[in-house]
1. Roughly to the nearest percent, how much of the accessible area of the stretch 30-98 is carbon and sulfur, given a 1.4 Å probe?
2. So for the chain: antiparallel DSSP bridges make up what percent, rounded to the nearest 5?
3. Once every DSSP H run of n ≥ 4 in the chain is given -39500 (n - 2.57) and the sum is divided by its residues, what mean residue ellipticity at 222 nm do you get, rounded to the nearest 500 deg cm²/dmol?
4. For the stretch 32-38, in order, what is each residue's ³J(HN,Hα) by Karplus, 6.51 cos²θ - 1.76 cosθ + 1.60 with θ = phi - 60°, in whole Hz (x at glycine and Pro)?
5. Express the accessible area of the chain per residue in Å², computed with a 1.4 Å probe while the remaining protein chains stay in the model.
6. Answer with one residue from Gly33, Ser53, Tyr20: the one whose Cα lies farthest towards the positive end of the charge dipole of the chain, charges on Cβ with Lys, Arg +1 and Asp, Glu -1.
7. For the stretch 57-100, how big is Rg over Rh, using alpha carbon atoms and the Kirkwood form of Rh?
8. Could you estimate the translational diffusion coefficient of the chain from the Stokes-Einstein equation, with Rh from the Kirkwood formula over C-alpha pairs, at 10 °C and 1.306 mPa s, in whole µm²/s?
Amino acid sequence: MTYPVICDAIRLRHVIRLVYRGGVREVEPYVYGRGSAGDELLRAYQLRGVSRSSTTGWKMFRVENISSVSVTFEPFAPSRAGYDPADAVITFVNCRIEPK
């Protein structure tokens, strides 16, 4: 399932709240597109919420495992260390944070 709201959040630079594998997470979305196998992917920085690894930080989310997405009113500054706009895993980019 494609979520155009993810590109809206990237353009607006707003945190999104998503339900991923049944758990609620809040993330800063950076790159949204498809991998080489055609699966939809989201590269984001997790701020808070449920996670199997129990950590925040950079994550790759498989969109097929997302059951809900909403844009929050919380803005973010796209300056996270470790961000690579030329993400090698996402081979077709729908939208992304462009470096300045």
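The values are calculated or read from the model by the stated rules, or taken from the named source; none is laboratory data. What you see is a predicted model; the values in this text were computed from it and never measured. All Cβ positions, glycine included, derive from the backbone under ideal geometry; neighbour counts span all protein chains shown. Ligands, DNA and RNA are stripped out before the accessible areas are found, and what is left, the full protein with its side chains, is counted by its heavy atoms. Shrake-Rupley method; radii C 1.70, N 1.55, O 1.52, S 1.80 Å.
1. C and S atoms contribute 52 percent here.
2. Antiparallel bridges make up about 100 percent of those DSSP assigns within the chain.
3. -2500 deg cm²/dmol
4. Ordered by residue, 3J(HN,Hα) equals 10, x, 10, x, 5, 8, x Hz.
5. 55 Å²
6. It is Ser53.
7. Rounded to two decimals, Rg/Rh equals 0.95.
8. 119 µm²/s
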